[in-house]
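Since the structure comes first, as structure tokens, the remarks are kept for the end.
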């Protein structure tokens with residue numbers, strides 16, 4: 001349960017049912033060394049991603065656009081992980097989609113067109129990411145799925161990244 005009374009349930013590999021609006025598409029984005037990208041917003045961490053827009057042709061388009069706008073990265077081979085069902089007091093339930101993808105390129109940092117903030121890009125191990133995100137059990141379950149996808153599909157060294165944690169310029 002969240003601080004605001006929100007309840008979260010992770011649905012691995014499940015498709016979002018039609019009655020749940022998707023309000024968010026976030027990505028566990030991995031580099032070739034096996035590290036995951038977290039946005040650092042004044043010491044608060046988040047995954048790249050955002051709200052689907054009318055111009056997006058689907059969830060993958062949303063993730064590609066948001067990764068580019070917020071974190072200035074290009075991604076490859078996105079994989080759908082599932083969704084988090086959210087129940088907040090006084091609000092209809094909704095879904096937050098999670099995906100994973102490989103980072104193919106880091107571009108120069110610049111402000112996000114939505115809000116004008118420039119996010120720091122922390123590359124860290126998949127083992128450390130759930131704690132930095134502070135999302136509890138759902139983050140641990142998502143990270144476990146990412147670990148399997150990254151190892152089996154892409155052969156990435158996510159259990160022992162070949163580069164230390166650090167910020168990308």
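Taken together, the values in this text are just the output of simple stated rules run on the coordinates, not laboratory data. The structure presented is a predicted model; accordingly, all values stated were derived computationally and were not measured. All Cβ positions, even for glycine, are placed from backbone atoms using ideal geometry, and neighbour counts span all protein chains on display.
The residue 151 and residue 6 beta-carbon pair, evaluated with R₀ = 35 Å, returns a calculated FRET efficiency of approximately 0.65.
Here the extension length gained between residue 105 and residue 76 equals 9.5 nm, from 0.36 nm per residue of separation less the Cα-Cα distance.
Across the stretch 75-130, the convex hull enclosing all Cα atoms gives 155 Å³ per residue. Overall dimensions of the stretch 7-168, expressed as equivalent-ellipsoid semi-axes from the Cα gyration tensor (√(5λ), whole Å, largest first), are 23, 19, 15. Annotation: extensible slack from residue 33 through residue 69 equals 10.7 nm (criterion: 0.36 nm per residue apart, minus Cα-Cα distance). Over the chain, dividing the summed -39,500 (n - 2.57) contributions of all DSSP H runs of at least 4 residues by the number of residues returns a 222 nm mean residue ellipticity of -6500 deg cm²/dmol. Only Cα sites of the stretch 40-83 enter the Debye sum here, all with the same form factor; the resulting log10 I(q)/I(0) across q = 0.22, 0.32 1/Å is -0.80, -1.23, listed in q order.
Modelled label positions at residue 117 and residue 15, each set 7 Å beyond Cα in the direction of Cβ, lie 3.4 nm from each other.
The slack between residue 56 and residue 92, meaning 0.36 nm per residue of separation minus the straight C-alpha distance, is 10.6 nm.
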